[in-house]
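Structure, as structure tokens:
Just so it is clear, none of the values below were taken in a lab; they were calculated from the coordinates. Given the structure is predicted, the values throughout are model-derived calculations rather than measurements. Here Cβ is always computed from backbone atoms with ideal geometry, including for glycine, and neighbour counts include all displayed protein chains.
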Amino acid sequence: MFRIRRIYDDVLPINRAAIRSVATIFREHFSAAPQDIEQLAERLRNPFMKRFRTVLYVAENARGQVQGFAIVLHDPELSFSFLDYIAARKQLTGRGVGAALYEYVRDEARSMGSKGLFFECLPDDAEGCPDPVLRRQNTARLRFYERYGARPFVDTGYETPIPGCATTLLPYLMYDSLGRDKLPKAGFVREVVRAILERKYSRICTPEYVDAVVASFRDPLRLRPPRYVKSPEAATPSPLTARQLIAMTVNDRHDIHHVRERGYVEAPVRVKAILSQLEASGLVHRIPVKEYPLRHITAVHESEYVFYLKRACEGVPPGQSVYPYVFPVRNHAHPPKDISLRAGYYCIDTFTPLNANAFLAARRAVDCSLTAADELLAGRRLAYSLVRPPGHHAEGRAFGGFCYFNNAAIAAHYLSRFGKVAMLDVDYHHGNGQQDIFYERPDVLTISIHGHPEVAYPYFTGFANERGAATGIGFNLNIPLPESQDGADYRRALERACKEVAKFAPSFLIVPLGLDPAKGDPTGSWSLVAKDFESNGRMIGQLQLPTLVVQEGGYRTRTLGTNAKHFFSGLVRGAYGPP
């Protein structure tokens, strides 16, 4: 068993190790063009170094060992993909690794909007390949590609010998239509051929040679008739593939925290509403939640606060709740001993209760977020932590706004060991928790788009002039918006936020997702509808960063699931589509 994932850069240790393994496999199979593998890490960091976007995919076993790889060159302007190299470890040839990689590449090429997948294959006839051993290998490859409808162009000059070049074994130019019925026009293919020859073979192909080969592609283009396979197996595009699914964790203990009081909108039905829509959408793959030590929470929240919360919740009788009602405007140095009085010492409002299960549910929400963060570290592109209670109002030493531990901030700190992190909070309410926690840190960019604190909770934070402090100055951005906002208004603010994220160039993006900007939400005043959430998701996905979405608010259960489904549909399209 193995999985396939895309490697975007060599920032993470796991990716650096994978690139080293790719180099080893490359040298087992290919003696030519050593610079193609020597420059691989640099080409990933600088995608258009060769005037192509270089894309690397690896197949790994359960232990994370690379079993094979594919390198694709993508041109988003001409809208084509070129399969540059594909190989499996020599001892694994014929074990299905190459087939899985090729199918993966085809699906990726379609998702990137490619009009076709081009590649080269050495000839399978005696005239073009006199060596019988090599010819048998070439025949096997061409037979394999015919299963997908991929065949060589014929009656062109692509196999014309290159003047002054010692290489006499020249490849066919192969074309995989990716399920399209018609061949492309010659004008498009001429542009593709010129791009391949001028960018990949610039060292050996003269301008005169390139011009002659390009001119040989004339309408009507023809592919060689099928020689080995009568009916291609993959004539139509497949649905969303496993690697593109969003890794989803769900707080399986969220419903133990159920405050059955009139007006308490943070209810278990929220998770059910979202889950039912996402599981039916085909967008997510649910993964089991792991348990993590408490030290990950105390790395972000003050230990005294964490242990108070634990002891206080353990002391509340089942079925009862303790609400803060006295707050220490003065004399912070002497917190009261009584649990109900002391609650106000650590809380920012009067409507977030302590009860017997609040700590347990909140801790499990943290486990969910860290499990999802680990999916990113393992190379997953998108992950989602569907949790309650939410977390983005929880500060370093305070709870409030239905939040006890800041799930997204804990995940951000966890990931920050491996690179810079950007947090883009799209809840209707200000993300005061992560602002407080990271206010003096330059390695975590915190951005919040929210209702202006003059009209929206938490009222005392979220102003535009709060930009960070000490070494963190300039790394906190608040975008407070007026009481009325439609989708177009919101997208202008989101575009600004996305530009700031791109400028920061983080290794990871965390999105505290509030669905309370929705029309009719009981805690908000904006009017976003499903298509707006889809557009927002696409904009965020187009940042093309390893992204963890952590559920925050959203309380209109009639539309909650639909809006979530549209957001994640847009996120997937943005993440896997053309940049």
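Tabulated results
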read-out: Computed over the chain: relative contact order in percent, which uses C-alpha pairs under 8 Å that are six or more apart; value: 11
read-out: Length added when fully stretched, residue 222-residue 323, from 0.36 nm per residue minus Cα-Cα; value: 28.8 nm
read-out: Ranked 547, 54, criterion: other C-beta atoms within 10 Å, fewest first; value: 54, 547
read-out: Mean shadow area of region 2-215, taken as a quarter of the surface of its Cα convex hull (nm²); value: 11.9
read-out: Ranked list, fewest to most other Cβ atoms within 10 Å of each Cβ, for 507, 369; value: 507, 369
read-out: Cross-link partners of residue 290 among lysines (Cα-Cα below 16 Å; sequence separation of 8 or more within a chain); value: none
read-out: Burial ordering of 274, 71, fewest other beta-carbon atoms within 10 Å first; value: 71, 274
read-out: Gyration tensor (Cα) of the chain, equivalent ellipsoid semi-axes in angstrom; value: 54, 22, 21
read-out: Potential lengthening between residue 269 and residue 285 on full extension [0.36 nm per residue; Cα-Cα distance subtracted]; value: 3.7 nm
read-out: Region 52-70 residues near the modelled residue 91 label - backbone nitrogen below 18 Å, point 7 Å along Cα→Cβ; value: 59-69
read-out: Candidate lysines for bridging to residue 182, where Cα separation is under 16 Å - those fewer than 8 sequence places away on the same chain excluded; value: 115
read-out: FRET efficiency estimate (nearest 0.05) - Cβ-Cβ, residue 261 to residue 140, R0 51 angstrom; value: 0.15
read-out: In sequence order, calculated HN-Hα J values of region 170-180 (Karplus, 6.51, -1.76, 1.60; Hz; x Gly/Pro); value: 9, x, 6, 8, 9, 9, 10, 6, 6, x, 7
read-out: Shape category assigned to region 511-579 from the gyration tensor of Cα positions, a/c cut at 1.5; value: prolate
read-out: Those lysines that a straight Cα-Cα span of less than 27 Å connects to residue 519, excepting residues fewer than 8 apart in one chain; value: 272, 499, 531, 565
